[in-house]
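**Q** To start, I am sharing the structure in question, which I have written as structure tokens.
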Amino acid sequence: MPTTEDPTATAAQDCSQASAGSIIQRLVREHRRWQSKDFPLIAHLFDEAQSEESAQPACLAPLRNAFHRLCAEMEGHMSREEHVLFPAILDAQAEAESAAKDFGSIRNPIGMIEQEHDWEAERLEAMRKIARDYQLPENAHEKLRLLFRELEALEAAMHAHTRLESSILFARALAAETAPSKPVA
């Protein structure tokens, strides 16, 4: 049964006191779930919906294209987070007085990732617009209904994921970088 709870607020509450390492583990698990379960399931549902003999909405082909573009962009985005930004955040946390990174301030990769988050939000909004707010006529086939539910759930999960990164993980990393260093005793 669907809940009316805001997944963004729930994710933030669940992680508000968690360590950076725990938050990163959660974020990486979500990346893996999207790559191994959600993206392939939705791609399969597009195949199923388009193979139906009943009339298909005109939005299906452009929506599929937008979804595949989002998936392709997310692969690079998730890789940059996992191989550049997340290790840098953990390193900075471990060594508060560490030397400058290859990219200078942690603000630089965070700024790059935040720009990508803005683009992802635009892609998700475009998909929602193409799908007419994921509203279907009463006589729509069940496979199409399932596809739209999965796309809507992915959108909500991605927004919650981005909010967790930006509001908690990145905010903490930026605050730690600007905090005065503690003298060594």
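All of the numbers you see were taken from the coordinates with simple rules; none came from a lab. Computed from a predicted structure; not experimentally measured. Glycine gets a Cβ as well: all are built from the backbone with ideal geometry, and neighbour counts include every protein chain shown.
**Q** For region 51-151, place one equal point scatterer on every Cα, skip the solvent, and apply the Debye formula. What is log10 of I(q)/I(0) at q = 0.11, 0.18, 0.19 Å⁻¹?
**A** Summing over Cα pairs of region 51-151 leads to -0.51, -0.86, -0.92.
**Q** In addition: Quick check: net charge around Glu122, other residues with Cβ under 15 Å of its Cβ, Lys/Arg +1 and Asp/Glu -1? Mind dumping the intermediate values first?
**A** On the way: positive: Arg69, Arg123, Arg128, Lys129; negative: Glu73, Glu114, Glu116, Asp118, Glu120, Glu125, Glu155.
Local charge sum for Glu122: -3.
**Q** Now for a separate question. Under a Cβ-Cβ cut-off of 10 Å, what is the net charge of the residues other than Thr162 that fall near it, where Lys and Arg count +1 and Asp and Glu count -1? Intermediate results must be reported in sequence, preceding the final value.
**A** Working: positive: Arg163; negative: Glu114, Glu116, Asp118, Glu120, Glu165.
Here the count lands on -4.
**Q** For region 35-131, which chymotrypsin sites (Phe, Trp or Tyr not before Pro) are in a loop by DSSP, counting at most 15 other Cβ atoms within 10 Å?
**A** Details: sites: Phe46, Phe67, Phe103, Trp119; in loops: Phe103.
Taking region 35-131 and a limit of 15 other Cβ atoms within 10 Å, the loop chymotrypsin sites (Phe, Trp or Tyr not before Pro) found are Phe103.
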